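Novice: One structure, pasted below without further comment.
The values are calculated or read from the model by the stated rules, or taken from the named source; none is laboratory data. None of the values given here were measured: they were computed from a predicted structure. Note that we place each Cβ from the backbone using ideal geometry, even for glycine, and neighbour counts take in every protein chain shown. When the accessible area is computed, the model is the full protein with side chains, heavy atoms only, and any ligands, DNA or RNA have been set aside. Shrake-Rupley method; radii C 1.70, N 1.55, O 1.52, S 1.80 Å.
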Amino acid sequence: MASGKALGMSASLLGRILSRNQQAVTAIVSRKHITGARSYGATAAAEKELENPLKPPVEIKYTKLFIDGEFVDSISGKTFATYDPRTDEVITHVSEGDSADIDIAVKAARIAFDEGPWPKMPAYQRAQILNRYADLLEKHSQELAALDAWDSGKPYEQALNAEIPSVVRNFRYFAGWADKIHGRTIPTESGHFAYTLHEPVGVCGQIIPWNFPLLMAAWKLAPALACGNTVVLKTAEQTPLSALLAGALAIEAGIPPGVVNIVSGYGETAGAALSYHMDVDKVAFTGSTEVGKKILEAAGKSNLKKVTLELGGKSPFIVCDGADVDQAVELSHFALFFNQGQCCCAGSRTYVHENVYDEFLEKAKERALKRVVGDPFRSGVEQGPQVDREQFNKVLGYIKSGQEQGARLITGGSKLGSRGFYIKPTVFADVEDHHDIFNEEIFGPVQSVSKFSSLDEVIKRANRNAYGLAAGIFTKNIDQINTLSRGLRAGSVWVNTYDVFDATLPFGGYKQSGLGREKAQTFESTNMALGKLNINGVGVPGSVIGAMRTWYMMMRSTP
């Protein structure tokens, strides 16, 4: 076994890694409107605090559809309610877009692409505008974070200190790429002069989820805009508010009307219309595998539009023999419970080596009991409510299933308080591969722990799943790291850390976790079309004699 020193990963270094992860989502903001919270283990006090939610520190300014640079009512005049998951009370009513509104938004995006300045302007100018946009998002970070926390139930401090800075970073990163997208000159056997040209795809439909509303919008908007595309963004019906504010800021930044359009609505109406639309050139979706398959089918039945899908996950987190159990418990806890467990890459299958299994279970229970559950606007809160009643009931249903199928519940397992959609951090032990809680995506604060005895065994078991989005490994042993990281079929493998996201790193999955990659330099393959131009006419610079142009609607991307 290699020592921590030989790996360059001493106990103190591993501690700093864990500390950075924890600080990213629990940093304390010294603000007068935020007050303290307590762990759910202090049940009576915690439940009393839930009965008296704090007033969110934000004013709702925008509730209409954002089309062609203006906020407008839906064609039908319909609205729908967005709810506060702390109380299940209505926050506000938002215009409900459907197929008619999608048609108008797509038309605006098409005109902006075909006739407007955005795709034709110097790329450096686009970069300047996107950097101004990033500055405005940063300036309004408190409002944006509060809207996401109010809409989704995520801790305000998490949104403010981790998510919104990542939103800003994504726009600045892709602004930097705007004028660095190059083609190639290619020698040919025939002697023709040939070159490739990267051009924007056109009108991009983008459908985002409710778990990270503005961050997922940034993952899709930033690269598409940097490449010169125009966009119709469909928000999740549970969390429409932050994107609408971001739409207003886009115009203030100088993004031309029609380049960014935002339609609030339901998946079966607005989302389906966007996926089937004949004038949409590409659609990107983050959400469930079930819906992703429908979007892929819609693309095939319409105009064979390009598709990128970031779908579900059931990611393994593997604690090896010889691991520091205290640190392993802390990191596996973070990997699962972050964002109320509502994370596509959550480490929701915790495999622990038999030699440290009992100690791990005892300490995992202790850590779950110390988890601070409460009003997301209170300082120090780690876990707020689930996003809505449907998700709340789904999670409780999985907890019941785990008990009925024979998994051992060691803590949690029920709702917390009588108001809102709070669930006690839950830990199951002795979970078997056939249990539903070990196979299906729960999307909630439920940690499922299973014992293993060898690397071969855990690799086979970890890969025996429909998903392949991410995986986590915790060990000091370099041989274990190499064996597991090469053996696991996952798009991201984190070693002695978890949930490390950066604009420079590609993200996506294997198997039913999706198609294509987002972020990093992979944006060229998903947000641009590759053209080839052959010129016959030696000695005639710039000649187009006998020119032939072939467009490829899909570039090869990593599976």
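Novice: Can you show me the helix-derived [θ] at 222 nm for the chain, built from DSSP H runs with n ≥ 4 at -39,500 (n - 2.57) apiece and divided by the number of residues, rounded to the nearest 500.
Specialist: Helix contribution divided over all residues of the chain: -11000 deg cm²/dmol.
Novice: Please compare each pair in Lys55/Lys154; Lys282/Lys519; Lys363/Lys451; Lys107/Lys234; Lys394/Lys415; Lys48/Lys415 to a cut-off of 18 Å on the Cα-Cα distance and tell me which ones are over it.
Specialist: Pairs exceeding 18 Å: none.
Novice: How big is the Cα convex hull of the range 287-364 in projection, averaged over all directions, in nm²?
Specialist: The directionally averaged projection comes out at 6.4 nm².
Novice: Something else: Between Val72 and Arg408, take the C-beta separation as r, use R0 = 56 Å, and let me know the FRET efficiency to the nearest 0.05. Intermediate values should be presented prior to the final figure.
Specialist: On the way: r = 55 Å, r/R0 = 0.98.
The pair Val72/Arg408 has a calculated efficiency of 0.55.
Novice: Right, another one. Return the aspartates and glutamates within reach of Lys424: Cα separation strictly under 15 angstrom, same-chain partners fewer than 8 residues apart disregarded; answer none if there are no such residues.
Specialist: Glu47, Glu49, Glu366, Asp375, Glu382
Novice: Another question, then. Can you give me the pair-distance distribution of the range 219-303, C-alpha pairs, 5 Å bins, whole percents?
Specialist: P(r) for the range 219-303, in whole percents per bin: 3, 13, 24, 25, 21, 11, 4, 1.
Novice: Ok, one more. List the lysines whose alpha-carbon lies under 17 Å from that of Lys139, not counting same-chain residues fewer than 8 positions away?
Specialist: Lys61
Novice: Among Gly417, Thr63, Pro119, which residue has its Cα positioned farthest towards the positive end of the charge dipole of the chain, with +1 placed on the Cβ of Lys and Arg, -1 on the Cβ of Asp and Glu, and the dipole taken about the Cα centre?
Specialist: With unit charges placed on the Cβ atoms, the residue in question is Pro119.
Novice: Sticking with this structure for a sec: Computed over the Cα atoms of the chain, what is the convex hull's projected area averaged over all directions, in nm²?
Specialist: Dividing the Cα hull surface by four gives the mean projection, 27.1 nm².
Novice: What number do you get for the range 114-170 when its Cα radius of gyration is normalised by 2.2 N^0.38 Å, N = residues?
Specialist: Ratio of Cα Rg to 2.2 N^0.38 Å: 1.44.
Novice: Write down Rg/Rh for the range 143-232, rounded to two decimals, with Rg from the C-alpha atoms and Rh from the Kirkwood relation over Cα pairs. Can you show the working numbers first?
Specialist: Details: Rg = 18.5 Å, Rh = 15.4 Å.
A ratio of 1.20.
Novice: Does anyone have the angle between helix 141-152 and the longest principal axis of the chain? Alpha-carbon axes, 0 to 90°, nearest 10?
Specialist: Computed tilt is about 60 degrees.
Novice: Starting from the Cα of Lys139, move 7 Å in the Cα-to-Cβ direction to define the label point; list residues of the range 240-257 whose amide nitrogen is under 17 Å from there.
Specialist: Taking a point 7 Å out along Cα→Cβ of Lys139, the residues of the range 240-257 whose backbone N falls under 17 Å are 245-256.
Novice: If you don't mind, another one. Bin width 5 Å, alpha-carbon pairs only: give the P(r) of the range 46-164 as whole percents, running from 0 to the bin holding the largest distance.
Specialist: Distribution as computed: 2, 9, 13, 15, 16, 16, 14, 8, 4, 2, 1, 0 percent.
Novice: What's the carbon and sulfur percent of the range 132-190's accessible surface, probe 1.4 angstrom, rounded to a whole number?
Specialist: 50 percent
Novice: Can you give the direction-averaged projected area of the convex hull of the alpha-carbon atoms in the range 60-130, in nm²? Show your work: numbers first, answer last.
Specialist: Values: hull surface 26.6 nm².
Average of the hull's projected areas for the range 60-130 equals 6.7 nm².
Novice: To continue, here is another question. Got a sec? Which residues in the range 115-138 would a label at Glu252 touch, if it sits 7 Å along Cα→Cβ and we count backbone N under 12 Å?
Specialist: 133-138
Novice: If you don't mind, another one. Using alpha carbon coordinates only, what is the Rg to Rh ratio of the range 298-412, with Rh defined as the Kirkwood radius? It would help to have the intermediate numbers written out before the result.
Specialist: Details: Rg = 17.7 Å, Rh = 16.6 Å.
Looking at the range 298-412, the ratio lands at 1.07.
Novice: Suppose R0 equals 30 Å. What FRET efficiency, 1/(1 + (r/R0)^6) with r the Cβ-Cβ distance, do His434 and Asp502 give to the nearest 0.05?
Specialist: That pair, His434 with Asp502, gives E of 0.25.
Novice: Going highest first, how would you order 446-457, 305-316, 407-418 by mean Cβ packing within 10 Å?
Specialist: So the peptides 446-457, 305-316, 407-418, ranked by packing, come out 305-316, 446-457, 407-418.
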